[in-house]
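Student: Okay, here's the structure, questions in a sec.
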Amino acid sequence: MSNPILKINKINNNQKTTVVLLHGYGANAEDLAGLADYVPFSKNVNWSFIEAPFELAGNMYMKSYSWFDLNEELFTSPDKALVYEKMANLIPNKYNESMEMLLSTFREVLNTEKNIVLGGFSQGSMMALQLFNNLSSIDQKQINSLTLFSSIRFNVDNITENKTFPVFQSHGRIDEVLPFDQASLLKNILEKKYNLEFVEFNGGHQIPMDVLQSWSDFVNKTLEQTQSL
């Protein structure tokens, strides 16, 4: 029996490039859709926002979902740095099931979209990085670039090397959810494996307009390079 296909919120502009984004913990497929109105790409694109599979209880205002369970030690341990260090190499509860469903869903996307800007925010960015590294080398060629908004280390042994592949990473210096020093440790790994552009900003767990402008410049550049090949 095949894995269920996850919900996708699509904005189809009949373009050759599609931006696929994964939301963070506690959000849904509508959460990042507003970016379609604010990101100043030089050319129009299609947008797809994939919804995580596990619904969370307790939110009376909207449906919220997660890609995998949070590590409870983050709320109980006095040494959070040690917990983050363990998280860098551990597989959290529900991750494998989530990745199987995400791969099934994303293969449907690959069947119709041939030039994809893949990314995510927070927990969704961790899944986006893992998704890319779970694709075959042939499928990876359909990914134009990878974007990680507010991400930290996770399952780092699964990160492969492709020195020419463009990756955009951003993080706030006063992020109250995922500490900046943890993002810096991820940056140290990524810059050895990919063609990384890292943008830090004076802010918290968010995607401010100046980061969206930097991301837009990054995507515009990678799309131009692809079209020139």
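Student: For Glu161, are the conditions met, namely being among the acidic types (Asp, Glu), outside any helix (DSSP H, G or I), out of contact with any Asp or Glu (no Cβ under 9 Å at 6 or more places or on another chain) and under 25 Å from Ser98 (Cα atoms)? It would help to see each step written out before you state the result.
Tutor: On the way: among the acidic types (Asp, Glu): yes; outside any helix (DSSP H, G or I): yes; out of contact with any Asp or Glu (no Cβ under 9 Å at 6 or more places or on another chain): yes; under 25 Å from Ser98 (Cα atoms): yes.
Against the criterion (among the acidic types (Asp, Glu), outside any helix (DSSP H, G or I), out of contact with any Asp or Glu (no Cβ under 9 Å at 6 or more places or on another chain) and under 25 Å from Ser98 (Cα atoms)), Glu161 qualifies.
Student: For Tyr84, which of the numbered conditions (1) at pLDDT 95 or above; (2) assigned to a helix (DSSP H, G or I); (3) surrounded by 15 or more Cβ atoms within 10 Å (Cβ to Cβ) fails to hold?
Tutor: (1)
Student: Kindly evaluate Thr112 against the criterion of being β-branched (Val, Ile, Thr) and at pLDDT 95 or above.
Tutor: Details: β-branched (Val, Ile, Thr): yes; at pLDDT 95 or above: no.
No: the conditions fail for Thr112.
Student: Right, something else. Would you be able to tell me the number of residues in segment 109-153 that are buried (at least 24 other Cβ atoms within 10 Å of the Cβ) and over 21 Å from Ile8 (Cα atoms)?
Tutor: Of the residues in segment 109-153, 3 are buried (at least 24 other Cβ atoms within 10 Å of the Cβ) and over 21 Å from Ile8 (Cα atoms).
Student: Which residues, counting only those in segment 129-167, are under 18 Å from Asp210 (Cα atoms) and touching a residue at least 60 places away in the same chain (Cβ under 8 Å)? Explain how you work it out, then say what you get.
Tutor: Residues of segment 129-167 that are under 18 Å from Asp210 (Cα atoms), as a first pass: 147-151, 167.
Those that are under 18 Å from Asp210 (Cα atoms) and touching a residue at least 60 places away in the same chain (Cβ under 8 Å): Thr147, Phe149, Ser150.
Student: Hey, another quick one. If I ask for residues that are closer than 20 Å to Asp210 by Cα and among the hydrophobic types (A, V, I, L, M, F, W, C), which ones from segment 1-44 would you list?
Tutor: Val19, Leu21, Leu32, Ala33, Leu35, Ala36, Val39, Phe41
Student: Would you be able to tell me the number of residues in segment 87-108 that are part of a loop (DSSP other than H, G, I, E, B), crowded, with 16+ Cβ neighbours inside 10 Å and among the hydrophobic types (A, V, I, L, M, F, W, C)?
Tutor: Start the filter on segment 87-108 by keeping residues that are part of a loop (DSSP other than H, G, I, E, B), which leaves 88-94.
Next, only the ones that are crowded, with 16+ Cβ neighbours inside 10 Å stay: 88, 92.
Subset that is among the hydrophobic types (A, V, I, L, M, F, W, C): 88.
Qualifying residue count, segment 87-108: 1.
Student: Which is under 15 Å from the mean Cα position of the chain (by Cα) and assigned to a loop (DSSP other than H, G, I, E, B), of Asp69, Asp31? Talk me through it step by step, then tell me what you get.
Tutor: Numbers: Asp69 fails: under 15 Å from the mean Cα position of the chain (by Cα).
When all the criteria are applied, what remains is Asp31.
Student: Can you name every residue in segment 162-220 that is among the charged types (D, E, K, R), closer than 20 Å to Gly124 by Cβ and in contact with a strand residue (DSSP E or B) (Cβ under 7 Å, 6 or more places away or on another chain)?
Tutor: Residues satisfying the conditions are Lys187, Glu197, Glu200.
Student: What is the number of the single condition among (1) surrounded by 14 or more Cβ atoms within 10 Å (Cβ to Cβ); (2) over 19 Å from Leu22 (Cα atoms) that Leu186 does not meet?
Tutor: So Leu186 meets the others, but not (2).
Student: Let me ask something additional. Identify all residues within segment 168-199 that are within 18 Å of Leu129 (Cβ to Cβ), free of Cβ contacts under 8 Å to residues at least 40 places away in the same chain and not hydrophobic (A, V, I, L, M, F, W, C); write none if there are none.
Tutor: Listed by number, the residues that qualify are Gln169, His171, Asp175, Ser184, Lys187, Asn188, Glu191, Lys192, Lys193, Asn195, Glu197.
Student: Mind listing just one residue for me: the one in segment 135-158 that is of a type in the set (A, V, I, L, M, F, W, C), outside any loop (DSSP other than H, G, I, E, B) and more than 12 Å from the chain's Cα centre (by Cα) and, of those, modelled with the highest pLDDT?
Tutor: Start the filter on segment 135-158 by keeping residues that are of a type in the set (A, V, I, L, M, F, W, C), which leaves 135, 138, 143, 146, 148-149, 152, 154, 156.
Next, from what is left, pick out any that are outside any loop (DSSP other than H, G, I, E, B): 138, 143, 146, 148-149, 156.
Right, trim to more than 12 Å from the chain's Cα centre (by Cα) and you get 138, 143, 156.
Working: Ile138: 94, Ile143: 97, Val156: 90.
This residue is Ile143.
Per-residue answers, yes or no, for (1) at pLDDT 90 or above; (2) closer than 27 Å to Gln182 by Cα; (3) basic (Lys, Arg):
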{"site": "Met1", "(1), (2), (3)": "no, no, no"}
{"site": "Ile50", "(1), (2), (3)": "yes, yes, no"}
{"site": "Gly58", "(1), (2), (3)": "no, no, no"}
{"site": "Phe75", "(1), (2), (3)": "no, yes, no"}
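The values are calculated or read from the model by the stated rules, or taken from the named source; none is laboratory data. This one's a predicted model, so the numbers in the text were calculated from it and none came from an experiment. We place every Cβ from the backbone using ideal geometry, glycine too, and count neighbours over all the protein chains shown.
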